[in-house]
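Following: one structure in structure tokens, then a few remarks.
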Amino acid sequence: MEFLVLNGPNLNLLGKRDPGVYGSETLSDIEQRLKESFPEIEFKFVQSNHEGELIDAIQKARNGTVDALIANWGGFTHSSVAIHDALELLEIPKVEVHLSNIHAREEFRERSITGKAMNGIITGFGVDSYLLGVEAALKILAKK
């Protein structure tokens with residue numbers, strides 16, 4: 001089983017960027033926790049500050065080798081119609097995750113354009129949001 005984990009802009013700076021909001025763990029720490037927590041899953045991790053690279057990764061996931069998508073779009077969550085449109089064509093379980101509670105922050109962060117094309121959104125549980133996202137995707141797969 002293979003899961004694609006996409007991370008958007010500035011998530012490469014986790015651990016350094018506003019630890020009061022995003023925590024002190026790095027993106028590498030999150031990747032390691034996923035591997036340790038779900039050894040039965042092969043994870044492919046992609047982080048990019050460029051919208052087009054994330055869209056390319058979504059489109060490649062349509063090849064049938066990826067079983068589910070877990071994604072933290074970062075700032076693209078609130079602005080990217082292009083990512084939303086690419087996601088609509090992807091027919092695998094898709095779970096959006098956020099470290100912070102986007103509904104308890106600035107007003108512009110409350111709206112998720114990308115979330116409308118996902119099966120669900122997990123927000124506000126720190127690194128556990130990623131773990132919960134994988135569990136949600138597994139439950140969706142089990143129902144098929």
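The values are calculated or read from the model by the stated rules, or taken from the named source; none is laboratory data. Every value quoted in this text rests on a predicted model; they were computed, and no experiment measured them. Virtual Cβ from ideal backbone geometry, glycine too; neighbours counted across all protein chains shown.
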| note | Conditions (1) surrounded by 14 or more Cβ atoms within 10 Å (Cβ to Cβ); (2) within 19 Å of MET1 (Cβ to Cβ); (3) of a type in the set (D, E, K, R) -> GLU96 fails only (2)
| said: Out of the residues in the range 3-28 meeting the condition of being over 15 Å from the mean Cα position of the chain (by Cα) and part of a helix (DSSP H, G or I), tell me which one is modelled with the highest pLDDT. | reply: LEU13
| Positions within the range 64-79 being small (Gly, Ala, Ser) and either over 14 Å from the mean Cα position of the chain (by Cα) or surrounded by fewer than 14 Cβ atoms within 10 Å (Cβ to Cβ) (or both), in sequence order | GLY64, SER79
| query | Among the candidates ALA61, ALA142, ALA136, ALA86, which residue alone is of a type in the set (A, V, I, L, M), without any contact (Cβ under 8 Å) to a residue 60 or more places away in the chain and surrounded by fewer than 18 Cβ atoms within 10 Å (Cβ to Cβ)? | reply | ALA142
| field | Which listed residue is touching a residue at least 60 places away in the same chain (Cβ under 8 Å) and either farther than 22 Å from LEU14 by Cα or not aliphatic (A, V, I, L, M) (or both), from SER80, SER37 | value | SER37
| Single unsatisfied condition, ILE58 versus (1) within 13 Å of the chain's Cα centre (by Cα); (2) closer than 24 Å to GLU25 by Cα | (2)
| note | A careful count of residues in the range 27-52 that are closer than 27 Å to LYS139 by Cα and among the hydroxyl-bearing types (Ser, Thr, Tyr) gives 2
| task | Scan the range 34-44 residue by residue and report those that are surrounded by fewer than 16 Cβ atoms within 10 Å (Cβ to Cβ), part of a helix (DSSP H, G or I) and of a type outside the set (Asp, Glu). | result | LYS35, SER37
